[in-house]
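Undergrad: Right, I'll just put the structure down here and ask away after.
The values are calculated or read from the model by the stated rules, or taken from the named source; none is laboratory data. Note that the coordinates shown come from a computational prediction; the quantities given were computed from them, not determined experimentally. A quick note on method: Cβ atoms are made from the backbone with ideal geometry, for glycine too, and the neighbour counts reach across all protein chains shown. Note: areas computed on protein heavy atoms with side chains; ligands, DNA, RNA excluded. Shrake-Rupley method; radii C 1.70, N 1.55, O 1.52, S 1.80 Å.
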Amino acid sequence: MPVAAACDLNQQVYIGVSLILDVAMRTDKGVVREQNEDAVGGDPDTGLVILADGMGGANAGEVASGLAVDLLVSQLVTDRRQAGDGDGIGRQDLLDAMQGVNQAILELSQQIPEYLGMGTTLVVGVFGERCLIHAHVGDSRLYRLRSGLFEQLTIDHTLIQEMVNLGDFASIEQALLAGVPTNVLSRAFGSEADVEVDLTETDTEPGDLYLFCSDGLTGMVTDQEMQSILENQRLDLMQQADELVDLACEMGGIDNVSVILVRVMPSDAK
Ligand code: CA
């Protein structure tokens, strides 16, 4: 069943009797902010997960991230089902839908004065049989834990990351020391007529664990701390999602915190 924006969820996805994916999502406004401008959603049954981190005055950020999630679900799941399109979601479907999100946010922000300048990040995953298409714009991230290796699969679209990419600084740490701010996005939905989306297709392996998250997590919790929670076998997937959010809040929770965890189940899982 498609999930509306801003829902917490834990769902197992079966094909026949085989458990193939375990999905947990959680979003929280954190400790300091009064509103939650993040949104999570998707349609685990078709392997679709979406995380958005909105920005803008008043409740505009919330509107932008919610619109992004809802629009992607309706274009990639609901509309296709109604049209009887049984094919999986492809790369071009995803790119087209993400451009549609950009247009919709731009149009709404031009129509309603309070929404002027609103925008959102997006990180989206489409899990198929033994593969994952992931796409993102902004600083919401995707990580993968595989055989003890915890790796960031996305590269942030931020000023600080672009300066490192261009060779202005040798590392993020050096740019930080020079006073470059971390929170300036170089790409987002809702800022220009065309947005460049980074899209990658990769193989998945049984046992892989994927973490989609907003910068409210990565700004508060180190990669090592994230990895140790994801490697804690005493916790089920939803508990791991809760632990990540709780730790971000304990460390200050200055921003909204969202996580989506997707475990690719071993083929003998029931
Ligand atoms: Ca944020």
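Undergrad: Length gain on complete extension for the stretch Asn232 to Gln174, per 0.36 nm per residue less the alpha carbon to alpha carbon distance?
TA: Net length gain for the segment: 17.6 nm.
Undergrad: Now for a separate question. In a GNM of the chain with a 10 Å cut-off on Cα contacts, which of Asp28, Asp246, Asp85 has the highest mean-square fluctuation?
TA: Looking only at Asp28, Asp246, Asp85, the largest GNM fluctuation is found for Asp85.
Undergrad: Please state the shape class of the range 135-270: rounded when a/c is under 1.5, otherwise prolate if a/b exceeds b/c and oblate if not, all from the C-alpha gyration tensor.
TA: Verdict is prolate for the range 135-270.
Undergrad: Could you give the accessible area per residue of the chain, probe 1.4 Å, as a whole number in Å²?
TA: Accessible area per residue: 46 Å².
Undergrad: How far apart, in nm, are the 7 Å Cα→Cβ label points at Gln12 and Met251?
TA: Simple spin-label model gives 3.1 nm for this pair.
Undergrad: Which of the three applies to the range 14-264, rounded, prolate or oblate, going by the alpha-carbon gyration tensor with a ≥ b ≥ c and a/c under 1.5 meaning rounded?
TA: Rounded.
Undergrad: Here is a further query. Expressed as a whole percentage, what fraction of the accessible surface of the range 14-264 belongs to carbon and sulfur atoms when a 1.4 Å probe is rolled over the protein heavy atoms? Please list the in-between numbers first.
TA: On the way: 5370 of 11130 Å².
Of the solvent-accessible surface of the range 14-264, carbon and sulfur hold 48 percent.
Undergrad: If you don't mind, another one. For the chain, calculate the relative contact order in percent as a whole number, restricting contacts to Cα pairs under 8 Å that are 6 or more residues apart. Don't jump to the answer; show the numbers that get you there.
TA: Working: 609 pairs, mean separation 69.2, N = 270.
Relative contact order of the chain: 26 percent.
Undergrad: Could you calculate the contour length gain from Thr222 to Leu116, that is, 0.36 nm times the residue separation minus the distance between their Cα atoms, to one decimal place in nm?
TA: 34.8 nm
Undergrad: Ordered by residue, what ³J(HN,Hα) values in Hz, to whole numbers, does the range 148-161 give under the Karplus form 6.51 cos²θ - 1.76 cosθ + 1.60, where θ = phi - 60° and Gly and Pro are x?
TA: For the range 148-161, the Karplus-derived couplings read x, 9, 9, 10, 7, 8, 10, 10, 4, 9, 10, 4, 5, 5 Hz, x marking Gly and Pro.
Undergrad: Let me ask you something else. In terms of modelled amide H atoms, which long-range or inter-chain residues lie less than 5 Å from the amide H of Asp38?
TA: Gly54
Undergrad: If you keep only loop residues by DSSP, which GluC sites (Glu not before Pro) in the range 51-150 have at most 12 other Cβ atoms within 10 Å of their Cβ?
TA: Glu129
Undergrad: Right, next: Could you tell me the distance between the Cα centroids of the range 158-179 and the range 43-77, to the nearest Å?
TA: 30
Undergrad: Based on Cβ point charges of +1 for Lys and Arg and -1 for Asp and Glu, what charge dipole magnitude is obtained for the chain about its Cα centre, in debye rounded to the nearest 20?
TA: Its charge dipole is roughly 340 debye.
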